[in-house]
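Here the structure comes first, spelled out in structure tokens, and everything after it is commentary.
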Amino acid sequence: MKYVTPILFFVLLGCKSVHPIHTQNVEHAITKNALQLLEDKRFHSVSIAVLKDGKSTIKHFGELTIGKGNKPNDSTLYELASVTKTFTGYIAAKAVLDKKINLDDDIRIYLNEPYPNLAFKGEPIRIKHLITHTSGFPNFPIKSENKKAFFEGLKLINIETKPGELYSYSNTAPELTAYILEKVYQKSFEELVIEFILKPNTMNQTKFTLNENDRKRLVKGYNDKNELMPNFNRTLWGGISGLHSTTTDLVKYMKLQLDPSNLIINESHKKLYKEGSDFWEGYHWYIIENDNQLMYRHHGGIYGMQNWFVIYPKQNIGISILTNTSFNETGEILEKVVDQLYEDIKAN
């Protein structure tokens, strides 16, 4: 994407540096890339968090409500959308290490009915197929109005390819994964996320269920026509979407993902399915590794906001970028911003 020289027009800046000795180079790189993004007037605000060598920088730009000048801040709650899947992947990895599930398990052993349709020529769908988008499931659940309807919808699915052979992004599969995790741990998926991820990492501002005060901090996003869009309404388990978080909590999540001593993290970062010459699927992580870099990343997009969450373990860097805009090209545009920001940070 081609950018012009940044014009500081109603762009409101905010900065919080968790470590006072944090270099100005990272702040400058964040500011440069954020202001270039906001040159595209389809974007109204952006929040960026960077963790480098254990030091974090968080900066906020723009306005959350068009014409109001209300900039985001460290307490602003964003919808994480599909980045929620990385939390599902973490708990699935823990379940494997806890021997609650096995990656090669036929998923039907966890279902209450036979579901003979959930196989292809006798080849069953296995747990590993659910978490790598290779199950053959449709993208969206055939029925999603509630959990009972979801299982009725599973009966209508026709698996047309051998599981494990073809990548096809599916929001149906992670919801079923969340259900299976509930069944083996005998706790709700929300409880599992809180117990295994949020509490141990003091991510107190990351949550599925919002109270009245939380809703006041929740971002209301726009499409490219500047129309306000609704927030996501979770009707199923939350395996695909539904978590809300702040930039400060996402820094804590970066620290977790960059911890090489964490056995669950190491399991969740394993390459389970090869999609290209340097591209793999992990436990709901897209893994890119070549001679130049190793990265774990995931994109999240919902009706009125989008985000990228990217981890570079060799450089000890994490980047999160969140915006209150969502349209077809948003993810691609944000991806380019993250890539350039990483290059700018790495160069310093």
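The values are calculated or read from the model by the stated rules, or taken from the named source; none is laboratory data. Small disclaimer: the values here were computed from a predicted structure and weren't measured. Note that we place each Cβ from the backbone using ideal geometry, even for glycine, and neighbour counts take in every protein chain shown. SASA here: full protein model, heavy atoms, side chains in, ligands and nucleic acids out. Shrake-Rupley method; radii C 1.70, N 1.55, O 1.52, S 1.80 Å.
Assorted remarks:
- Potential lengthening of the chain between S261 and N292 amounts to 8.8 nm, from the contour at 0.36 nm per residue minus the alpha-carbon distance.
- Residue-level accessible surface for D106, protein heavy atoms, 1.4 Å, Å²: 40
- Accessible-area composition of region 21-347, carbon plus sulfur, in percent [1.4 Å probe]: 47
- Ligands, DNA and RNA excluded, the heavy atoms of T86 present near 0 Å² of accessible surface to a 1.4 Å solvent probe.
- For region 332-347, 3J(HN,Hα) computed residue by residue from phi via the Karplus equation (6.51, -1.76, 1.60; θ = phi - 60°) reads 5, 5, 5, 4, 5, 5, 4, 4, 5, 4, 4, 4, 5, 5, 4, 6 Hz, glycine and proline entered as x.
- In this calculation the C-beta distance from N70 to E343 is compared with R0 = 30 Å, giving a FRET efficiency of 0.45.
- Placing one equal scatterer on every Cα of region 21-347 and applying the Debye formula, the log10 ratio I(q)/I(0) at q = 0.09 Å⁻¹ is -0.46.
- In the context of the full set of protein chains, residues of region 21-347 present 41 Å² of accessible surface per residue (probe radius 1.4 Å, heavy atoms only).
- In nm, spacing of pseudo-spin labels at E329 and D104 (7 Å Cα→C-beta vector): 4.8
- Model label sites at N146 and E27, defined 7 Å from Cα along the beta-carbon direction, differ in position by 5.3 nm.
- Across K271/K336; K41/K220; K216/K346; K32/K255; K148/K252, pairs whose alpha-carbon gap is larger than 29 Å: K216/K346; K148/K252
- Under-5 Å amide H pairs with K270, H placed in peptide plane, nonlocal only: Y283
- Here's the list of aspartates and glutamates a cross-link from K100 could span, going by alpha-carbon distance under 19 Å and ignoring same-chain residues fewer than 8 apart: E175, E182, E190, E191, E195, E267.
- For the pair E165 and L210, the difference between a 0.36 nm per residue extended length and the Cα-Cα distance amounts to 12.3 nm.
- Options N171, G54, N201, ranked by Cα towards positive dipole end of the chain, top entry (Cβ charges): N201
- Cα-centred dipole magnitude for region 229-348, charges only on beta-carbon of K, R (+1) and D, E (-1), debye, nearest 20: 380
- Gaussian network model of the chain, Cα within-10 Å springs - most flexible of G89, G239, G153: G153
- For region 51-66, Karplus couplings with θ = phi - 60° (6.51, -1.76, 1.60), whole Hz, Gly/Pro x: 10, 9, 6, x, 10, 10, 10, 10, 9, 10, 9, x, 9, 6, 10, 4
- Solvent-accessible area of W280 with every protein chain in place, 1.4 Å probe, in Å² to the nearest 10: 40
- Using only side-chain charges placed at the Cβ, +1 for Lys and Arg and -1 for Asp and Glu, the dipole size of region 21-347 relative to its Cα centre rounds to 620 debye.
- Sequence-separation-based contact order of the chain, relative, with Cα cut under 8 Å and 6+ spacing, percent: 23
- DSSP bridge orientation in the chain - percent antiparallel, rounded to nearest 5: 95
- Computed over region 68-195, Cα set: Rg, Dmax in Å: 16.2, 59
- Amide H within-cut-off set for E275, under 5 Å, with H built and near neighbours excluded: W280, E281
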